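Asks: Take a look at this one; I'll ask things after.
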Amino acid sequence: MKKQIIIVGGGLSGLTLAYLLSKHSLDSIILEASPRLGGRIQTVSGAFETPLELGATWFSDMHQNMLHLIDDLGLHKFKQYSKGKSLFQTKSFEPPQQFNVPESESPSYRLADGTQKLITTLANQLDTKTIRLNTKATVITDLGSILEVETSKGQKLKADKVILCLPPQLVGSQIQFSPQLPNDISKILPTVQTWMAGAIKFVLEYENPFWRNNGQSGMLFSHCGIVTEMYDHTNFEENRFGFTGFLNSNAHSYSKDVRRDIVVKQLASLLGKETSNFSSYFDKVWIDEFIMSDNQIIQRPHQNNGHPLLQHSYMNNKLFFSGTEAALEFSGYMEGAILSAKQIIDRI
């Protein structure tokens, strides 16, 4: 009789894990609390169908597991554009400094058609019946030889193994365990930083790449504006154009329309009036219930990511932690999410 494995979380780690399990002829069910797959990967489409990233975007030659996975799935990478003059704004009342970024021997890459392509391609390798959206795991009970997972829909599912592929903070705040997890891991969970929690990502789409035509890279760093960093977001085919970047974390107090207006005003002062002729604007404040909890205790970046207690199994070797925060290396990156999934495969 085949073992039943339940994966809690349908982000990159959970989907990679399900994909790798399927290669070993092992069945799994993915429980995803939100209405979509991808977790902190989210690509939206602009008015001209430009793939625009609101979540995880870049990777490099250091990220070998990411490179192997996209090769395995037949996906394609391309270099982040950085040619031309870049801008560094230190004071609002002074002109920005200009600089050129030399071509790197280890460039950043993006995924053709957007990072969401990785998510959809992984999901397409799986039986759609095994993916359950809008389904939150609420209670996990040790019944002896198996675990029982109760969901927000009142279902009670049995599993030989349960792998938690969601931020550890959410495990601690949203899932009850019977019997309770050991005190040491319970204390750690709210202190594990969730990568991107609180970040604000924005994207702008344009019909023409006016900045490239003006000899600019589209790269911007600012210490004084709502936009703190920004990059060219032209697609792989170089026929769809835009910017992506991050906003000052305090901008979450503004409405989306106000954020958009302040962003465009800042960019117009730096890149010219053509900035105002955008075709699409989107942004995402990463503070919803699917990424962070109210009881987080964070004092430093990457706090307790890859913590030794996240490497242990619980409930008599039936419960495991996975996800980028649990990874021993590259925590917070897509590489970490994939590496963590591969480590679980080795263990089970």
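Please treat every number below as a calculation from the coordinates, not as lab data. These numbers were taken from a predicted model, which means no experiment stands behind them. A quick note on method: Cβ atoms are made from the backbone with ideal geometry, for glycine too, and the neighbour counts reach across all protein chains shown.
Asks: Would you please classify the overall shape of segment 229-292 from the alpha carbon gyration tensor, given that a ≥ b ≥ c denote the square roots of the eigenvalues, rounded means a/c under 1.5, and beyond that prolate means a/b larger than b/c while oblate covers the rest? Walk me through the intermediate numbers first.
Replies: On the way: a/c = 2.28, a/b = 1.34, b/c = 1.70.
Taking the square roots of the gyration eigenvalues as a ≥ b ≥ c, segment 229-292 is oblate.
Asks: Please report the base-10 log of the normalised intensity I(q)/I(0) for segment 184-267, using a Debye sum with one equal scatterer per alpha carbon and no solvent, at each q in 0.24 (1/Å).
Replies: After summing over all Cα pairs, the log10 values are -1.18.
Asks: Roughly how tilted is helix 334-347, in degrees to the nearest 10 and between 0 and 90, from the longest Cα axis of the chain?
Replies: Tilt of helix 334-347: around 20 degrees.
Asks: Quickly rank 334-343, 120-129, 224-233 as a protection proxy: mean count of other C-beta atoms within 10 Å, highest first. Can you show the working numbers first?
Replies: Values: 334-343: 25.8, 120-129: 13.8, 224-233: 21.2.
Sorting 334-343, 120-129, 224-233 by mean packing, highest first, produces 334-343, 224-233, 120-129.
Asks: Counting each pair of different Cα atoms once, what's the Kirkwood radius of segment 65-203 in Å, rounded to one decimal?
Replies: Taking every pair of different Cα atoms in segment 65-203, averaging 1/r and inverting gives 20.0 Å.
Asks: Same structure, new question: Past the 22 Å Cα-Cα mark, which pairs from Lys2/Lys117; Lys117/Lys201; Lys77/Lys117; Lys136/Lys156?
Replies: Lys2/Lys117
Asks: Please report the antiparallel percentage of DSSP beta bridges with both residues in the chain, rounded to the nearest 5.
Replies: Here the share of antiparallel DSSP bridges comes out near 65 percent.
Asks: Which angle between 0 and 90 degrees, to the nearest 10, do you get for helix 12-23 versus the longest principal axis of the chain when only C-alpha atoms count?
Replies: 50 degrees
Asks: Karplus couplings for segment 245-254 from phi (6.51 cos²θ - 1.76 cosθ + 1.60, θ = phi - 60°), rounded to Hz, Gly and Pro as x?
Replies: Karplus-based 3J(HN,Hα) across segment 245-254 equals x, 10, 9, 3, 4, 6, 5, 5, 6, 8 Hz.
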